[in-house]
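**Student:** The structure under discussion is supplied below as structure tokens; questions concerning it will follow.
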Amino acid sequence: MAETSKDELVQLIRRFGAYLTVKFSNIFSISLNNVNSRSLGAIAGFAVAVVFTWRLLRTPRGPQRRIQKRQAASPASSGLPPQTNTASTSSGVCSTSEDLRAQNVVDEFFQPVKPTLGQIVRQKLSEGRKVTCRLLGVILEESSPEELQKQATVRSSVLEVLLEITKFCDLYLMERVLDDKSEKKILQALEYAGVFTSGGLIKEKVLFCSTENGRSSFVRQLEPDWHIDTNPEVISQLARFIKYQLHVTPIRPERTASNVFTSASVEQFFGSI
């Protein structure tokens with residue numbers, strides 16, 4: 001095999017290896033119970049790529065090169081003056097053109113696969129199955145219990161991520177409120193946003209308390225894999241008991257513990273904006 005063919009084969013194997021890494025990580029991150037049309041399509045595309053690559057690699061090139069060498073050597077052996085072999089040149093151009101087209105097709109097959117939001121959510125949550133999350137400043141536009149006495153508004157940018165979390169996780173929402181009217185406003189806002197109909201969340205999993213310590217007690221009793229909060233004191237108190245936490249804050253503070261992550265918003269943490 002010529003040096004050029006070796007280089008092409010090495011490049012092809014490298015691309016194929018990168019493709020395998022991405023594809024297998026996406027396929028096997030999905031359990032057999034959750035196989036859907038996307039995963040089946042990924043498997044089918046992978047099979048087509050394997051067959052195409054195999055056919056490309058087994059294409060014989062040796063006989064063509066031997067024919068070209070014989071054609072090039074025939075004028076010298078016959079004693080005739082050297083002439084330009086037009087057929088050989090055009091054949092070489094055609095072969096190069098075919099190689100380029102084949103390479104383009106291979107490149108298209110080996111383009112990186114962009115993961116879906118659902119795959120990103122599961123990867124970020126490290127396959128966690130239970131999540132607790134406060135409402136103020138995370139799910140709701142409001143940032144204080146006093147504001148909830150007037151109104152409650154669900155942030156539109158967080159809805160897509162919230163619904164994806166409810167598909168894979170047991171989600172509990174919780175908040176400190178000052179009165180019963182605030183509770184009703186929150187439930188109405190969540191219902192109006194479609195959280196109870198489109199996702200897997202039910203009203204019984206929206207919990208209310210009268211103190212910040214009450215929210216911490218909820219979290220410790222539920223023992224989630226992840227807790228999402230905006231209060232640094234609550235985050236600090238729970239760091240010893242909860243596997244992972246997400247501190248939602250516009251300011252990037254120093255990391256208090258290895259299991260505490262920081263982001264300006266939930267949607268930014270999951271890369272949906």
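**Student:** Express in nm, to one decimal, how much length is gained between residue 243 and residue 212 on full extension, taking 0.36 nm for each residue of separation and deducting their alpha carbon distance.
**Tutor:** On the way: separation 31, 0.36 × 31 = 11.16 nm, distance 2.00 nm.
Answer, rounded to one decimal: 9.2 nm.
**Student:** Computed FRET efficiency, Cβ-Cβ of residue 96 and residue 117, R0 45 Å: what is it to the nearest 0.05?
**Tutor:** Details: r = 42 Å, r/R0 = 0.94.
Efficiency, from the Cβ-Cβ distance: 0.60.
**Student:** I've got another one for you. Order 239-248, 129-138, 189-198 from most to least packed using the mean count of other Cβ atoms within 10 Å.
**Tutor:** Per-residue mean Cβ counts within 10 Å order the peptides as 129-138, 239-248, 189-198.
**Student:** Provide the per residue accessible area, probe 1.4 Å, for the stretch 154-201, rounded to a whole number of square angstrom.
**Tutor:** 48
**Student:** Using the structure shown, list the pairs from 114/205; 130/181; 124/181; 114/185; 130/184 with a Cα-Cα distance above 31 Å, or answer none. Write out the running numbers ahead of the final one.
**Tutor:** Working: 114/205 33 Å; 130/181 28 Å; 124/181 35 Å; 114/185 38 Å; 130/184 25 Å.
Table pairs above 31 Å Cα-Cα are 114/205; 124/181; 114/185.
**Student:** Right, next: Run the accessible area of the stretch 190-268 with a 1.4 Å probe and give the carbon-and-sulfur part as a rounded percent.
**Tutor:** Numbers: 2120 of 4420 Å².
Using a 1.4 Å probe with all protein chains present, the stretch 190-268 comes out at 48 percent carbon and sulfur.
**Student:** On to the next question. More than 24 Å apart: what percent of Cα pairs in the stretch 156-253 qualify? If you can, show how the numbers build up before the last one.
**Tutor:** Numbers: 1132 of 4753 pairs.
Tail of the P(r) past 24 Å holds 24 percent of the pairs.
**Student:** Please compute, over every Cα-Cα pair in the stretch 148-201, the percentage with a separation greater than 14 angstrom.
**Tutor:** Numbers: 779 of 1431 pairs.
Beyond 14 Å sits 54 percent of the P(r) for the stretch 148-201.
**Student:** How big is the C-alpha Rg of the stretch 121-175 next to the rule-of-thumb value 2.2 N^0.38 Å, as a ratio? It would help to have the intermediate numbers written out before the result.
**Tutor:** On the way: Rg = 12.4 Å, N = 55, 2.2 N^0.38 = 10.1 Å.
The stretch 121-175 yields a ratio of 1.23.
**Student:** Moving on. Find the all-direction average of the projected area of the Cα convex hull for the stretch 203-273, expressing the result in square nanometres with one decimal place.
**Tutor:** Details: hull surface 21.8 nm².
Computed as one quarter of the Cα hull surface, the answer is 5.5 nm².
**Student:** Could you work out the percent of alpha carbon pairs in the stretch 102-224 separated by over 19 Å, rounded to a whole number? Can you show the working numbers first?
**Tutor:** Numbers: 3967 of 7503 pairs.
Here the long-distance tail beyond 19 Å is 53 percent of all Cα pairs in the stretch 102-224.
The values are calculated or read from the model by the stated rules, or taken from the named source; none is laboratory data. Everything quoted here is computed from the prediction, not taken from an experiment. Note that we place each Cβ from the backbone using ideal geometry, even for glycine, and neighbour counts take in every protein chain shown. In case anyone asks, the SASA skips ligands and DNA or RNA and just uses the protein heavy atoms, side chains included. Shrake-Rupley method; radii C 1.70, N 1.55, O 1.52, S 1.80 Å.
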